[in-house]
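To keep things clear, I will list the structure first and then write my remarks on it.
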Amino acid sequence: MGSLPPQILGVPGSAGKIDAGKLGHLFRAQRSNLEHFFDHLDLARAADFAQTLLDAPGAVFFSGVGKSGIVAHKLAQTLASLGFARSAFLPPVDALHGDLGAVFPGDLLVLLSKSGASQELLALVPCARAKGARLLSLTSAAEGAGNPLATLCDVNVHLPLQRELCPFGLAPVTSAAIQMMFGDTVIAALMAARRLTKEKYAANHPAGKIGKSLIFKVKDVMKKKNELPLCKEGDMIMDQLTELTSKGCGCLLIVDEMLHLIGTFTDGDLRRTLKSSGAAIFNLTVGEMCNRNPRTISPDAMAVEAMQKMESPPSAVQFLPVVDYHNLVIGIITLHGLVTAGL
């Protein structure tokens, strides 16, 4: 199988240059198109649509064809990510070939169509209604004979479209933009109405940085047990070099026999002690040179709080001993560990 030619036959090597002035004119034209949408949107109808979604007793499905289908897919995913409604994208053709089995009485089906005349959606309407679904539509064509979808649905919201930005007035450039803006704005209203908290939102986004910062606690990302660089205050500094370097924490945690935290000794402390004491370091104990007032954190604190505490004045630190309310050492959290965890 040969490789593709470097240039497809019939396509010029250069399509010309983008003129900044003409581009600016297009942006101004699109702003005018969007202002027309905002100025002419029926807010009462939009509120009725939003309330219907808020009161949905079952699942909420979105469907559309072409670019409207892409917007429908995105809105379904966004609504699902909020966690207060079962939501999914329902491809109209697939729905007519078995996927309609996911729809039950009381479910909502939101149909997106610029023209309101998409044959795939019109074919889906009677089948979805037979399953007991309630039908909502978002269309930009004037309601009437030329927009049968609006007539067939229980609720239709007219999304005012002045014109497409496309030079031919054909490509769904502006219409798709207003579909997305309308849908996302309604979803924001649902979030406010449901009093969605950051914690509930984060529960559905555990892999993202936002979710991790709101879900992960110190105890979820700390080193513990055999990973801890522990020593006693009477130990000689030079005898603890292996412990200082092998655990990857950049420090020693000085504890008593019951594991109460006494202080910390860092690799920075080692360098400063070497500079100031020279050969006398062989006769110094860790307890003589340790910091007896280190920053600490609770295992139940949020991991993001640990990062903030490490970076706080007077100077940043690379680790925090994790202690319980009896000052017993139960772990250590490091900046490297937080970064590795995606925070």
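The values are calculated or read from the model by the stated rules, or taken from the named source; none is laboratory data. Being a predicted model, the structure only gives us computed values, none of them experimental. We place every Cβ from the backbone using ideal geometry, glycine too, and count neighbours over all the protein chains shown. All accessible areas refer to the heavy atoms of the entire protein, side chains included, with ligands and DNA or RNA removed. Shrake-Rupley method; radii C 1.70, N 1.55, O 1.52, S 1.80 Å.
Okay, here's what the table says:
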quantity	calculated
Under the Karplus curve 6.51 cos²θ - 1.76 cosθ + 1.60, θ = phi - 60°, whole-Hz ³J(HN,Hα) for segment 105-111, x wherever Gly or Pro sits	x, x, 5, 9, 10, 9, 10
Angle between the chain longest axis and helix 67-82 axis [Cα atoms, degrees, rounded to 10]	40
Theoretical gain in end-to-end length, residue 44 to residue 23 [0.36 nm per residue, Cα-Cα removed]	4.0 nm
Nitroxide proxy distance, nm - points 7 Å out along Cα→Cβ at residue 51 and residue 246	7.0
Answer label, with P(r) over Cα pairs in 20 Å bins from 0, in percent calculated from the coordinates and candidates [x] 31, 62, 6; [y] 30, 59, 11, 0; [z] 23, 31, 26, 19, 2	[z]
Dipole of the chain [Lys/Arg +1, Asp/Glu -1 at C-beta], most positive-end residue of 116, 302, 197	116
14 Å beta-carbon shell around residue 88, net charge (K/R +1, D/E -1)	-1
Projected label distance in nm at residue 220 and residue 36, using a 7 Å step from Cα toward the beta-carbon	4.8
Long-range amide H partners of residue 324 with built H, under 5 Å	330
Top positive-direction residue, dipole computed over segment 108-173 with Cβ charges, set 132, 157, 171	132
Solvent-accessible area, 1.4 Å probe, carbon plus sulfur percent, for the chain	59
Mean Cβ count within 10 Å, highest first, over the residues of peptides 181-187, 261-267, 234-240	261-267, 181-187, 234-240
Label-point separation in nm, residue 81 to residue 325, each point 7 Å along Cα→Cβ	3.8
The chain, accessible area per residue, ligands and nucleic acids excluded (1.4 Å, Å²)	55
Exposed-site-free run, longest, the chain (rule: GluC sites (Glu not before Pro); DSSP loop; at most 15 other C-beta within 10 Å)	1-142
Rounded tilt (10° steps) of 174-193 against the dominant C-alpha axis of the chain	60
Gained length - residue 94 relative to residue 188, 0.36 nm times residue gap less alpha-carbon distance	30.9 nm
Residue 308/residue 236 FRET efficiency (R0 30 Å; Cβ-Cβ; nearest 0.05)	0.25
Beta bridges per DSSP with both ends in the chain, % antiparallel, nearest 5	45
Folded to 0 to 90 degrees: helix 119-130 orientation relative to the chain principal axis, Cα	80
Antiparallel DSSP beta bridges within segment 34-184, as percent of all bridges there, nearest 5	5
Cα-based shape type of segment 147-197, given that a ≥ b ≥ c are square roots of the gyration tensor eigenvalues and the cut on a/c is 1.5	oblate
Net lengthening on full extension, residue 168/residue 281 (0.36 nm per residue, minus Cα-Cα)	32.5 nm
Helical contribution to [θ] at 222 nm, DSSP H n ≥ 4, -39,500 (n - 2.57), averaged over the chain, rounded to 500	-12000 deg cm²/dmol
Pairs beyond 29 Å (Cα-Cα), from 232/309; 74/223; 22/114	74/223
J(HN,Hα) series, segment 239-247, from Karplus relation 6.51 cos²θ - 1.76 cosθ + 1.60, nearest Hz, glycine and proline x	7, 10, 5, 4, 5, 5, 9, 7, 8
Neighbourhood charge, 9 Å Cβ-Cβ cut-off, centred on residue 52 and excluding it, Lys, Arg +1 and Asp, Glu -1	-2
Karplus-derived HN-Hα couplings along segment 252-265 (A = 6.51, B = -1.76, C = 1.60, θ = phi - 60°), whole Hz, x at Gly and Pro	10, 9, 8, 10, 8, 5, 9, 6, 5, 6, 9, x, 9, 9
